[in-house]
1. Given the conditions (1) in contact (Cβ under 8 Å) with a residue 60 or more places away in the chain; (2) buried (at least 18 other Cβ atoms within 10 Å of the Cβ); (3) not in a helix (DSSP H, G or I), and given that GLN45 satisfies all but one, which numbered condition is not satisfied?
2. How many residues, within the stretch 95-108, are at pLDDT 95 or above and under 15 Å from ARG65 (Cβ atoms)?
3. Name every residue in the stretch 109-118 that is assigned to a helix (DSSP H, G or I) and modelled with pLDDT of 95 or more, in order of residue number.
4. Across the stretch 87-108, what is the total count of residues that are assigned to a helix (DSSP H, G or I) and among the polar types (S, T, N, Q)?
5. Among the residues of the stretch 90-109, are any in contact with a strand residue (DSSP E or B) (Cβ under 6 Å, 6 or more places away or on another chain), within 23 Å of TYR50 (Cβ to Cβ) and of a type in the set (Lys, Arg)?
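The values are calculated or read from the model by the stated rules, or taken from the named source; none is laboratory data. No experiment lies behind these values; they were computed from the predicted model shown. Cβ placement follows ideal geometry from the backbone for every residue including glycine, while neighbour counts extend to all protein chains displayed.
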Amino acid sequence: MVSYELATCAAYLSGLTFGPRGAAVKTTERAQQFWSVLVFAAREQKVVSYEMLSQMTGMAQECGRELGYIFYYCKRNDLPLLNLLAISKDSGKPGHGCPGDLRDLPAQQARVFVYDWLKHGVPKIEEFEEARAAEEGRIATTA
């Protein structure tokens, strides 16, 4: 019998995580959930801690992959970087693994706050996947 920890690790490596009731959830599906929470935060002109994001979605606190999908999608579509509203409650800034440029964080977050996210809508899973694949392909060709 496979341990829960081993099954969780294998699922995570294949792009799956487990939701609050133990059902497997694709990372891109979680990215859609995070997107909705971050859009609400943007409309309220608030930032959201990783812990709060986890509590609001019922998912584990590890959220780097999901926020990465949001970053690549925003970058590819010339949108303000919605992922920059997710922060560490200790530092008040996105974590060290955040792919965005954090030099002018307050100005970037202000652009996120004023953008009409509801007009844009939630990206489809395929759009997240295409944006990430395009970025990974771009990095591979420049390396």
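1. (2)
2. Going through the stretch 95-108 one residue at a time, the tally reaches 0.
3. Residues satisfying the conditions are GLN109, ALA110, ARG111, VAL112, PHE113, VAL114, TRP117.
4. Total satisfying the criteria: 1.
5. Going through the stretch 90-109, the residues in contact with a strand residue (DSSP E or B) (Cβ under 6 Å, 6 or more places away or on another chain) turn out to be 93-94.
Next cut, within 23 Å of TYR50 (Cβ to Cβ) only: 93-94.
Those still in the list that are of a type in the set (Lys, Arg) too: 93.
The answer is yes; a qualifying residue exists.
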